[in-house]
Amino acid sequence: MSVATQEATPAAARPAKKKSKPGLERRPGLNRWLPYLLLAPAVLAELLIHIIPMIVGIWMSFVKLTKFFIANWSAAPAAGLGNYKIALDFDNAVGEGLLKSFGVTVVFSLVTVALSWVLGMAAAVALQPPFKGRAMLRTLFLVPYALPAYAGILTWNFMLQRDTGAVNHVLEQLHLSDGTTFWLIGGNALVSLIAVATWKLWTFAFLTLMAGLQSIPGDLYEAASVDGAGNLRQWRNITLPSLRPVNLVLVLVLFLWTFSDFNTPYVLFGTAQPPAGDLITFHIYNASFLTWNFGTGAAMSVLLLIFLMIVTGIYLLVTGRRSRRA
C-alpha cells in the first residue's frame with residue numbers, strides 16, 4: 001500500500017495541462033491578422049473622412065477651380081502657386097482680409113483658451129474637497145458640454161439680440177447699460193464670440209482638470225497643511241506641478257479647437273459676419289462659397305493647416321524640452 005501510494009503521489013501532483021481553444025490552434029493565421037482586421041474599419045473611416053478630403057483640398061489649391069468648372073473639376077486650369085500668391089499678397093483685398101481675419105482669430109483663441117483654463121481650474125479646485133451638494137454642482141457645470149453645440153449657440157443668439165435679448169434686459173435692470181447695446185454687430189461682436197466660445201469650452205477644461213486632480217494623493221495636501229502651507233501655496237507647489245502633463249495636452253487641444261472653430265461664428269452671426277468676429281475658418285468659408293473661388297479658398301485652408309502644424313510642432317518641442325529638464 002505504501003509503495004503504491006508513493007508511486008501515485010508524483011503522478012497526482014503533476015499539474016494538469018491547460019486545454020487551449022481548438023480554434024486558435026487550428027487558425028494561427030487568424031491570430032496574426034486579427035489586429036489588422038479590427039483596425040481596418042477605423043482606418044477606412046479615417047481615409048474617407050480626413051485623408052482623402054485633405055488630399056483633394058490640397059489638389060484644389062493648385063487649380064483655378066471657380067464656378068465655371070464646378071460641373072467638371074478636371075477641366076479646371078492649373079494655377080501653380082497662383083492661389084497662394086493671391087492669399088499671401090497683403091496689398092490686395094483678398095490678402096488684406098485674410099490677414100485681418102488671422103489677427104482676429106489669434107486674439108479670439110488666446111483669450112478664449114485663457115478664460116476657459118482659468119474657469120476650469122477654479123471650478124475643479126473648488127469642487128475637489130467633499131461637501132454637501134458637490135455632485136449636483138459638478139453635474140450642473142457639465143451642462144454646456146453635454147448640450148448640443150447648435151442648440152446652445154442659438155440660445156445665445158436669442159439672448160444677445162438688441163431689443164428682445166435677455167442680456168440687454170439684465171444689464172439694464174442692473175443699471176450697467178441702457179439696454180440698447182448691439183452685441184452681434186460692430187466691435188462687440190468679438191466680445192460676444194469670446195463669451196459664447198468660453199461658455200462652451202470651459203466645461204471641457206473643468207472635466208479634464210477635475211479628472212487630473214483625482215490622481216493627486218491627498219497625503220500631499222495634508223502634509224503641506226501641517227507644514228503651514230496655505231491654499232494658494234498648495235495650489236502653486238502641489239496642484240500645478242502634478243497637473244503639468246494634463247495642462248500640456250489640455251492647452252494644445254483648446255487652442256486647436258478655438259483656432260479652427262467654425263460652428264460658433266456661423267450659428268451666432270449667420271453668413272454676414274461682422275469684421276470684429278471674422279474668424280479665419282469663417283473667412284475661408286465665405287471666400288470659397290460666396291465668391292465661388294474654391295481654389296483660393298483651398299489655398300487658405302492649406303495655409304491654415306500648415307500654420308497649425310507648425311504651432312503644434314513648436315509647442316510640443318518646447319514643452320518636451322522643459323519636461324526633460326524637470
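The values are calculated or read from the model by the stated rules, or taken from the named source; none is laboratory data. Keep in mind it's a predicted model, so treat the numbers as computed, not measured. Using ideal geometry, Cβ is built from the backbone for each residue, glycine included, and neighbour counts are taken over all protein chains shown. Each accessible area value is taken on the protein alone, full model and side chains, heavy atoms only, with ligands, DNA and RNA left out. Shrake-Rupley method; radii C 1.70, N 1.55, O 1.52, S 1.80 Å.
Just a few scattered comments:
- Whole-angstrom gap from segment 287-309 to segment 49-84, using each part's C-alpha centre: 10 Å
- The charge dipole of the chain, taken about its Cα centre with unit charges on the Cβ of Lys, Arg, Asp and Glu (plus for the first two, minus for the last two), comes to roughly 1640 debye.
- R0 of 30 Å, Cβ-Cβ distance Leu240-Ile306: FRET efficiency to nearest 0.05: 0.35
- Here is how the number arises for the chain: DSSP H runs of 4 or more residues each give -39500 (n - 2.57), the sum is divided by the residue count, and the result at 222 nm is -21500 deg cm²/dmol.
- log₁₀ of I(q)/I(0) at q = 0.14, 0.16, 0.21 Å⁻¹ - segment 101-229, Debye sum with one point per alpha carbon: -0.78, -0.93, -1.24
- The slack between Arg32 and Ala126, meaning 0.36 nm per residue of separation minus the straight C-alpha distance, is 28.8 nm.
- Sequence-separation-based contact order of segment 97-292, relative, with Cα cut under 8 Å and 6+ spacing, percent: 36 percent
- Solvent-accessible area of Trp156 with every protein chain in place, 1.4 Å probe, in Å² to the nearest 10: 50 Å²
- With a Förster radius of 35 Å applied to the C-beta separation of Arg321 and Met136, the computed FRET efficiency comes to 0.25.
- Inverse of mean 1/r across different Cα pairs in the chain, Kirkwood, Å: 24.9 Å
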